[in-house]
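A quick write-up on the structure given underneath.
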Amino acid sequence: MSHNTHTAVELNTKEDFENYNFREKLKRAQRPYDYYKEIKDLDFEQLADSDRFFLQDFGIYNNSLDDEAFMLRLRFNAGRVEKEQLKEIAQITKEYALDIVLTARAGMQLHGLEAHNILEAYEKLKASNVVTWQSFGDNVRNITTDIFDGIGKQNIIEARPIIQQMHKFILKNPDYVGLLPRRISIGICGSKKSGTSFFASDVYFALAEKDNTYGFNVYLGGKNTELAQDANIFLEKHEVFGFFKAFIEVFNKHGLRLDRERNRLFHLLEEIGLQNFLDILKIQYKKEFTSKGETLIEKIEFEDFNELKDGTYSFCYHSKFARLTPKELENISNYVIENNLEVRLGTDQQVYIIGLKDKNIALKHDNENRTIVACAGSEYCPYAYWSIKDEVQFLPLDKIQKNKILIGFSGCLRGCAKHEHSDIGLVGLKSNYLGNREKTARVYLGAQYTHGKALARRVFNTIPLHSLKEFLTLIINEYEYSSYNTFEEFSNSVLNRYSIEFLNVWFLAKFKTKKEVYLNDFDEEKLIEDNFGDIKYSNMQESIKELSKQLWAYKQSEEDKKLNETFIMDHI
Ligand code: SF4
């Protein structure tokens, strides 16, 4: 074992209590599992920070920045929701007039609860066997899979039985509830084609084939801003659960616990190296690893109706950028009960209705778009700079929908909408870079997310909100002009071959001149000279600054005026 390995492991075993972060100290003072019995007697008007942390382990969220608002997060094994449970949830959300937000981990958040009714709503959900435990905090979060797991034409191994084993092992387990060094996100996909990329997971079990046997290749250490790495391990399906148990044990024992900014699995792998981690894992797993097989992943086209293995159809009910009203949920639950259908929640924040006889359904959604993954935004999350759900309207929605472009729209750099794993990634920030202080977006392009080959590059730093629609339209026009079938292919074959400086100059110059010119050469200098002769290729940074000014030249709106007077932070 290398010196580095010792260093990381020793940090976790030393007795110096003072070195641990606040959360680790709490874990050592009281096991979250033991705290659970105190919840019924809590005064929710007078919560201490320690209460807030412990409550997260049971799915109750409250933040000192907005201590009157409470939220519940529900987890559903493999995104599958029992029909009767859905009806109960619809009734509860109606009764308390709650906002429903679907999560990118195929779960649900119920917003709008207050100190006086949080416990009552919580008890009602518990009585309906809805699981809220370990949906926040330092836990194994809801385990995700392909939406067509077990039923899709491209499904080879049904992951749900494995997920159920993992779920049973981890849920309400006193040794693990809230005690991991940090959260663990797990994705397991047994389908050849999937609409979801799982490379942002801490642990990804990807369908693979080795010696004519189907199983899973293992990828480790992904997060919203990193890709999981190939661990060169192949597991047959009966081996996955044993691997999972060994993994949890090793992460729990050796994961970094000092700095909360550096305690995801990614950081442990960075600290001790993947191979050292695997050496420790192998001892716990108690057998040799088999080297990887061929990973089987293909990109799926987004369709509203999909024919399934058994000849029935699924329908994708579009949420309103992850939001559903209680009335919608009630309509869905009534419909599936009356027609004896199944419901699943997707990691794309949509609702899937399964088992239709044909491509017909009486349910109507009122949002055409289904390729935008939006984070909670300022309405529901104290870290957000933008009200994402509303400001999604500033995107060229028709073009995004027509071209089925995957958008990840995060409200801060934590990146819950996985903007670096999307065709076009957006982060809503605020800046006064070249003018009035206003809402600006960072734009990320070029992710090769289907096969986990590359994260998106941060291309544009500060595009003001009022210029965003036109700016993104220019980028999408360029894709439409190309001959590529998907935006991801276009990114790989076109966008990723240019420097970031060039892409800035190119699109800013197009924005300014309104010239209809396209990327038809890979000689950057020639493209600039031929199309925008007055721009100096030799001084791109200066050109970018000069061209960017046009985006900011506008009259200050009332809303921005208010914003400028109440500004919090700069992000450039
Ligand atoms: S990305 Fe940021 S703002 Fe959005 S939900 Fe996550 S933490 Fe909140």
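Listed by chain and number, the aspartates and glutamates whose alpha-carbon sits under 15 Å from that of residue 282, ignoring those within fewer than 8 places in the same chain, are 239, 249.
Counting only aspartates and glutamates at least 8 places from residue 453 when in the same chain, those with an alpha carbon closer than 18 Å to its own are 202, 226, 230, 294, 298, 420, 423, 488, 489.
For residue 303 and residue 458, a Förster radius of 45 Å and the Cβ-Cβ distance give a FRET efficiency of 0.90, rounded to the nearest 0.05.
Dipole orientation for the chain: of the candidates 472, 251, 518, 251 has the Cα lying most toward the positive pole (charges on Cβ; Lys, Arg +1; Asp, Glu -1). Under the combined filter of DSSP loop state and at most 14 neighbouring Cβ atoms within 10 Å, the range 489-534 retains these GluC sites (Glu not before Pro): 516. Taking a sphere under 11 Å around the Cβ of residue 294 and counting the other residues whose Cβ falls inside, with K and R at +1 and D and E at -1, yields a net charge of 0.
Shown for the chain: cysteine residues without a partner Cβ closer than 4.7 Å, namely 189, 316, 381, 412.
For a footprinting-style exposure proxy, rank 375, 412 by other Cβ within 10 Å, fewest first.
Fewest to most other Cβ atoms nearby, the residues stand as 412, 375.
Using just its DSSP H runs of length 4 or more, each adding -39500 (n - 2.57), the chain gives a mean residue ellipticity at 222 nm of -9500 deg cm²/dmol after division by all residues.
Exceedance of the 20 Å cut-off in Cα-Cα distance is limited, within the set 193/237; 153/192; 37/126; 430/536; 292/418, to 430/536; 292/418. In this simple spin-label approximation, residue 28 and residue 485 carry label points 7 Å from Cα along the Cα→Cβ vector, and these lie 5.6 nm apart. Beyond 26 Å in Cα-Cα separation lie the following of the pairs 299/402; 168/327; 27/223; 210/309: 168/327.
Subtracting the Cα-Cα distance of residue 129 and residue 398 from 0.36 nm times their residue separation leaves 92.8 nm of extension gain. Here 540, 108 are placed in order of increasing Cβ neighbour count within 10 Å, fewest first, which gives 540, 108.
Taking the longest Cα principal axis of the chain as reference, the axis of helix 326-338 is set at about 60 degrees. For residue 172 and residue 496, a Förster radius of 35 Å and the Cβ-Cβ distance give a FRET efficiency of 0.15, rounded to the nearest 0.05. Within the same chain, aspartates and glutamates fewer than 8 places from residue 40 are excluded, and of the rest, those with a Cα less than 14 Å from its Cα are 51, 120, 123.
Summarising the label geometry, the points placed 7 Å from Cα in the beta-carbon direction at residue 261 and residue 40 lie 4.3 nm from one another.
Give me 321, 289, 243 ranked fewest to most by other Cβ atoms within 10 Å of their Cβ, as a rough exposure proxy. Please list the in-between numbers first.
Numbers: 321 26, 289 17, 243 21.
Listed from fewest to most nearby Cβ atoms, that is 289, 243, 321.
Which of 29, 78, 106 sits farthest toward the positive end of the charge dipole of the range 3-127, with +1 on the Cβ of Lys and Arg and -1 on the Cβ of Asp and Glu? Farthest along the dipole direction, towards plus: 78.
Just so you know, all these numbers are worked out from the coordinates, no wet-lab data involved. Predicted model only: the values in this text are computed from it and were never measured. A quick note on method: Cβ atoms are made from the backbone with ideal geometry, for glycine too, and the neighbour counts reach across all protein chains shown.
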